[in-house]
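Quick notes on the structure that follows.
Where a number appears in this text, it was derived from the coordinates with a stated rule and is not lab data. The structure displayed is predicted, hence computed values, not measured ones. Virtual Cβ from ideal backbone geometry, glycine too; neighbours counted across all protein chains shown.
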Amino acid sequence: MKSMMVARELLIILVLMIVQEVKVSRGQLVVNVKTQGGEVFKETITANISDDSVLLEFPQSDGTYITQLIDFKQELQIFKVIVLGEEELGQSQYQVMCFVLRFFKNNFISSDAMSKLRQKNPGTVRVPEEDRGTEEVELDVSVDVSRAGILSPHLPRLCSLAPTATYASDRDIKLWATQRRELDGDWSLVSDVTHHLPTRGVARCGDSGRNDLTSPCVCHYQVCIAWYPCGLKYCKGRDNSGKAVSYRCGIRTCRKCRNFSYFVAQQQLCLWDE
C-alpha cells in the first residue's frame, strides 16, 4: 500500500511537470476557490493579450489536472484533462483528453480586462455569485491534433499528448466554420481535420461493469469550473462636471459544469464512469 501511495505521488509530480512544460510565462491571477462540496483549491488564470487568449487551470484532490483555454480570436475553447491511471488495472501512468467547443464572448471577460485584474487579498476563499448549472455536451467527432491549427493555433500544442483523444461536436464545428471568414465557405478545410465516431447504438461505459475492459463504449466525464469571471460590473456616478457616467467597478463571477459524452475504443479508457 505504501509503495502504491509513493508511486501515485510521483505520478502527480510528473503531471505537474507536464503542465509546466506547456505554460507560457505571463502575469497570473491565483485565487483560492471553494467548491459546492467544500473542497478548497488554487485556481490560476493567465491572460495573454498578444494572442487574445485566457488560460484557466487547477488541480483536483485526486491528482486530476484541468486546463481551460479560451481562444477569443478563433471563438473556441479547449478543455484539457489529465487523469492519473490505475496501474493495478493495467492503465498507463496518466491519460490525457481534450474537448473542443465553440466559445461565446459574453461568457467570459476579455483577455484585456482579465490582464488588468490585480491580486487582492490572496488568502480569501472565493465562491461564485452565479451558478450557471450543468450543460450536456455530446462529442461525436475526433480531431486530428497535428492538423488542428486551422481550428486554433493553441490546439496542437495544448493537446499534443492527446493525439487520439481530442473530441468535438460535428454540429458545433460546422456552425463555427460558417462564421469564419478566413475559410471562405470551404468546409473541406475543416472536415479533413475531424473524423466521425460511432456513437449510435453504443452502450454507456458505466452500464457494462468491468467485465470486459476491451469493448467500445460511450464515456462520460464532467468538468466543473467552480469560479471564473463571467462578466464585468458597472457602477453609475458623475464626472467632474456633474455629468452622469458609468464606469467599470468589478467583475461578476460564475460557476458552470459540463457533462461530456464521447466514444472510446476500449472501456479501459473510461474507468471512472460507473
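Would you mind calculating the gained length between Gln93 and Arg252 on full extension (0.36 nm times residue separation, minus the Cα-Cα distance), in nm to one decimal? Mind showing how you got there, number by number?
Values: separation 159, 0.36 × 159 = 57.24 nm, distance 3.85 nm.
Length gained, Gln93 through Arg252: 53.4 nm.
In what sequence do Ser246, Ser111 fall when counting other Cβ within 10 Å, fewest first?
Working: Ser246 9, Ser111 22.
Fewest to most other Cβ atoms nearby, the residues stand as Ser246, Ser111.
Using a 7 Å offset from the Cα along the Cα-to-Cβ direction at both Thr214 and Val30, what is the distance between the two label points in nm, to one decimal?
4.7
Note down the net charge around Lys236, summing +1 for each Lys or Arg and -1 for each Asp or Glu among other residues with Cβ under 15 Å from its Cβ.
+3
I want the antiparallel fraction of DSSP beta bridges within region 2-269, as a percent rounded to 5.
Details: 59 of 72 bridges.
Percent antiparallel among DSSP bridges in region 2-269 is about 80.
Which of these, Ile66, Ile150, Ile225, has the largest mean-square fluctuation under a Gaussian network model of the chain (Cα springs below 10 Å)?
Ile150
Taking the beta-carbon count within 10 Å as an exposure proxy, list Cys205, Cys224, Cys235, Cys217 from fewest neighbours to most. Show your work: numbers first, answer last.
Working: Cys205 27, Cys224 16, Cys235 10, Cys217 22.
Going from least to most buried by this count: Cys235, Cys224, Cys217, Cys205.
Give, as a single signed number, the net charge of other residues whose beta carbon lies under 9 Å from the beta carbon of Thr199, with Lys and Arg counted +1 and Asp and Glu -1. Mind dumping the intermediate values first?
On the way: positive: Arg200; negative: Glu138, Asp140.
Local charge sum for Thr199: -1.
Please compute the net charge surrounding Pro122, taking Lys and Arg as +1 and Asp and Glu as -1 over other residues with Cβ under 14 Å from its Cβ. Numbers along the way, then the final one.
Values: positive: Lys42, Arg118, Lys120, Arg126; negative: Glu43.
Its environment carries a net charge of +3.
Could you grab the relative contact order for region 123-274? Cα pairs under 8 Å, six or more apart, rounded to a whole percent.
Contact order relative to length: 32 percent.
What is the pair-distance distribution P(r) of region 194-274, computed from all Cα-Cα distances in 10 Å bins starting at 0, with each bin given as a whole percent?
16, 27, 16, 14, 11, 9, 6, 1
Per the Kirkwood formula on distinct C-alpha pairs, the Rh of region 133-274 is how many angstrom?
Working: mean 1/r = 0.0546 Å⁻¹.
After inverting the mean inverse Cα-Cα distance, the result is 18.3 Å.
Using a 10 Å cut-off around each Cβ, can you sort His196, His220, His154 from fewest to most neighbouring Cβ atoms?
Numbers: His196 11, His220 16, His154 23.
Least crowded to most crowded, the residues run His196, His220, His154.
Can you spot the lysines whose alpha carbon is less than 18 Å from Lys233's alpha carbon? Ignore those fewer than 8 places along the same chain.
Lys105, Lys116, Lys120
Would you please classify the overall shape of region 42-181 from the alpha carbon gyration tensor, given that a ≥ b ≥ c denote the square roots of the eigenvalues, rounded means a/c under 1.5, and beyond that prolate means a/b larger than b/c while oblate covers the rest? Working shown, then result.
Working: a/c = 1.71, a/b = 1.07, b/c = 1.60.
Note, shape of region 42-181 comes out oblate.
Return the calculated 222 nm mean residue ellipticity for the chain, to the nearest 500 deg cm²/dmol, obtained by summing -39500 (n - 2.57) across DSSP H runs with n ≥ 4 and dividing by the residue count. Intermediate values should be presented prior to the final figure.
Numbers: 5 runs with 43 residues, N = 274.
So the calculated ellipticity at 222 nm is -4500 deg cm²/dmol.
How large is the charge dipole for region 2-269, taken about the Cα centre, if only the Cβ atoms of Lys, Arg (+1) and Asp, Glu (-1) carry charge, to the nearest 20 debye? Display every interim value, and only then the final one.
Values: 33 positive and 31 negative charges, 287 e Å.
Computed about the Cα centre, the dipole is about 1380 debye.
Report the residue, chosen from Arg132, Arg248, Arg258, that carries the largest GNM mean-square fluctuation when the chain is represented by alpha-carbon nodes joined by springs under 10 Å.
Evaluated over the chain, the most mobile residue of the options is Arg248.
When the chain is treated as a GNM, springs tying every alpha-carbon pair under 10 Å, which of Lys105, Lys120, Lys80 comes out with the largest mean-square fluctuation?
Most flexible of the set in this elastic network: Lys120.
May I ask you to work out the translational diffusion coefficient for the chain at 25 °C, viscosity 0.890 mPa s, via Stokes-Einstein with Rh from the Kirkwood sum over Cα pairs, reported in whole µm²/s? Numbers along the way, then the final one.
Details: Rh = 20.3 Å.
Stokes-Einstein gives a translational diffusion coefficient of 121 µm²/s.
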